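Notes to accompany the following structure.
The values are calculated or read from the model by the stated rules, or taken from the named source; none is laboratory data. As the structure is a computational prediction, the values presented were derived from the model and not from experiment. Positions of Cβ are generated from backbone atoms using ideal geometry, with glycine treated the same way; all protein chains shown enter the neighbour counts.
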């Protein structure tokens, strides 16, 4: 039997690649989802939590976010947290995060 073909694709969609990977994991060697919010709808509680999270750009808030999204927590250094907090509190960042939080809050 011939080995499965490999396909490398860049897809700009919400969850289709993840859904396909879950349905046929034997066909997927790796999956990178950048900026993804997951594979299932967030629901009101999830949207509220996400809105609160993007509104908290303090060092503590950044550390909590990284702890949720980075699998290997040993990679989260104080330097990374400080740098991320600096970027996220730079001029203009607050209004961007406020817009993002408003997007996630129920309308």
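Results for (1) at pLDDT 85 or above; (2) at positive phi; (3) out of contact with any helix residue (DSSP H, G or I) (no Cβ under 6 Å at 6 or more places or on another chain); (4) part of a loop (DSSP other than H, G, I, E, B), shown as yes or no for each residue.
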{"site": "29", "(1), (2), (3), (4)": "no, no, yes, yes"}
{"site": "38", "(1), (2), (3), (4)": "no, yes, yes, yes"}
{"site": "63", "(1), (2), (3), (4)": "yes, no, no, no"}
{"site": "66", "(1), (2), (3), (4)": "yes, no, yes, no"}
{"site": "85", "(1), (2), (3), (4)": "yes, no, no, no"}
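The set of residues in the range 87-107 that are under 23 Å from residue 46 (Cβ atoms) and not in a helix (DSSP H, G or I) comprises 105, 106, 107. The residues of the range 82-104 that are surrounded by 13 or more Cβ atoms within 10 Å (Cβ to Cβ) and either outside the structural domain of residue 63 (by TED's automatic domain parsing) or in contact (Cβ under 8 Å) with a residue 24 or more places away in the chain (or both), listed by number, are 85, 88, 89, 93, 94, 97, 98, 100, 101, 104.
If you go through the range 68-83 and keep only what is part of a loop (DSSP other than H, G, I, E, B) and closer than 20 Å to residue 51 by Cα, you end up with just 70. Here residue 57 passes the criteria (1) modelled with pLDDT of 85 or more; (2) surrounded by 12 or more Cβ atoms within 10 Å (Cβ to Cβ); (3) in a helix (DSSP H, G or I) except the one numbered (3).
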